[in-house]
Amino acid sequence: MTLRKNLAVLTAASATVLVTGLCTQAAAAPLTDQAAVDQATQLVTQLGTATGGFHVANGKTVVNVLDDSTARRVVAAGLTAKKVTHSFTQLAVVKDALDAVHNVPQTSWGIDTSTNQVVVTIYSAASPSVSDTVTAAAAKFGDTVRVEHLTGKLETHIADGDAIQNNSGRCSLGFNVKQGSTPMMLTAGHCTNLGGTWRGGNVSGARIVRSDCPGADSGLLTRPNGTGPGQINTGQRITSARAPFVGERIQKMGSTTGGGSGTVTSVDQSVNFDVGVLNHEFGTTAHTDHGDSGGPAYDGSIGLGTLSGGDTRTSFFYPLTRELSMYGLTLA
């Protein structure tokens, strides 16, 4: 059983009030789920430092706002506004400051827009000195940060066996992609760091084109046996990619645990695995295990990321949008 202990109680009264309507301006007609997410994405981009980002809660797309005028714009757009204390920009500054804390394996931190905080997680596998260092660093930022202690150990999910593999280990194929017109395969960088050639399914002799880990966690392989379909092995087509958001319900696929689902709990996460720090990850409640590394996270036809690892209860993925941009790829 996961043990959680909050070392900071951080709820300001203003951060708990949902603004569902304002008398000076009527709310727009309800939006479909995807339309609401698209609208929220556009709004937080337009409003910039006037918002604390957005999330989904109880089926509603909620935009965090810092003032009443911004709340009115949100409600007029057909969304729910929530008054909070910190802008997303402020939370990102705090997260970036924590990134300066080095050599602290078995810890992580990222932004939880549902609580308007940076959440710092310290696993029981962390040494006492690491725990003390991270706790002290977090304490400098007051109610902007919440610290949680979890039992378990963070691991990159890689093992010997099947799926895509070489003589050193096995992982899972994330997405079939193209670089120009050339078919390629996307997986985790800590997998391709093993070197060698890879095989699996109808592919053999796949060579490593790029391997980026730590920092990022992305690996690109050739697909010498021709192109592969732009779909999950369940038949679900993947036609686009976008950034995940807190509260989003995702699906995942891995060669060990197969399919499953979970919810996004944090974004822009810095995770201190034993292989090094992985930045810009997103945390989820999806269950994964060894051999699932590199496998895809997706929401319907939308690709979200490739698996880095976790503790079997919490799983971290590297965003697909970053991988496509970094390597100049398109989906197959």
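At a glance:
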{"quantity": "Failed criterion for residue 121 (all others in (1) in contact (Cβ under 8 Å) with a residue 12 or more places away in the chain; (2) part of a helix (DSSP H, G or I) hold)", "calculated": "(2)"}
{"quantity": "Those residues of the stretch 260-302 which are more than 12 Å from the chain's Cα centre (by Cα) and part of a strand (DSSP E or B), in sequence order", "calculated": "260, 261, 272, 273, 276, 277, 299, 302"}
{"quantity": "Hits in the stretch 60-114 (condition: among the charged types (D, E, K, R) and in contact (Cβ under 8 Å) with a residue 40 or more places away in the chain)", "calculated": "68, 72, 82, 83, 95, 99, 112"}
{"quantity": "Residue list for the stretch 90-118, restricted to those being of a type in the set (A, V, I, L, M) and in a strand (DSSP E or B)", "calculated": "111, 118"}
{"quantity": "Residues of the stretch 261-276 satisfying the condition of being touching a strand residue (DSSP E or B) at 6+ places or on another chain (Cβ under 6 Å) and of a type in the set (Asp, Glu)", "calculated": "268"}
{"quantity": "Conditions (1) modelled with pLDDT under 95; (2) assigned to a helix (DSSP H, G or I); (3) of a type outside the set (Lys, Arg): number failed by residue 190", "calculated": "(1)"}
{"quantity": "Residue, nearest to the chain's Cα centre (by Cα), within the stretch 236-258, restricted to residues that are charged (D, E, K, R) and surrounded by 21 or more Cβ atoms within 10 Å (Cβ to Cβ)", "calculated": "248"}
{"quantity": "Residue 93 vs. criteria out of contact with any His (no Cβ under 7 Å at 6 or more places or on another chain), surrounded by fewer than 18 Cβ atoms within 10 Å (Cβ to Cβ) and at pLDDT 95 or above", "calculated": "yes"}
{"quantity": "Residue list for the stretch 136-188, filter: hydroxyl-bearing (Ser, Thr, Tyr) and surrounded by 22 or more Cβ atoms within 10 Å (Cβ to Cβ)", "calculated": "156, 172, 187"}
{"quantity": "Residue in the stretch 133-147 that is among the aromatic types (Phe, Trp, Tyr), under 25 Å from residue 53 (Cβ atoms) and at pLDDT 95 or above present", "calculated": "yes"}
{"quantity": "Residue in the stretch 204-213 that is farthest from the chain's Cα centre (by Cα), counting only those that are crowded, with 17+ Cβ neighbours inside 10 Å and under 21 Å from residue 318 (Cα atoms)", "calculated": "208"}
{"quantity": "Number of the exception - residue 315 against (1) touching a Leu at 6+ places or on another chain (Cβ under 8 Å); (2) hydroxyl-bearing (Ser, Thr, Tyr); (3) farther than 25 Å from residue 169 by Cα", "calculated": "(3)"}
{"quantity": "Residue 201 being more than 18 Å from the chain's Cα centre (by Cα) and surrounded by fewer than 16 Cβ atoms within 10 Å (Cβ to Cβ)", "calculated": "yes"}
{"quantity": "Selected residue [surrounded by fewer than 20 Cβ atoms within 10 Å (Cβ to Cβ), assigned by TED's automatic domain parsing to the domain that holds residue 37 and touching a Ser or Thr at 6+ places or on another chain (Cβ under 6 Å)] from 112, 68, 99", "calculated": "99"}
{"quantity": "Qualifying residue in the stretch 70-82 (condition: under 18 Å from residue 247 (Cβ atoms) and assigned to a helix (DSSP H, G or I))", "calculated": "yes"}
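The values are calculated or read from the model by the stated rules, or taken from the named source; none is laboratory data. Computed from a predicted structure; not experimentally measured. With ideal geometry, Cβ positions are generated from the backbone for all residues, glycine too; neighbour counts draw on all protein chains shown.
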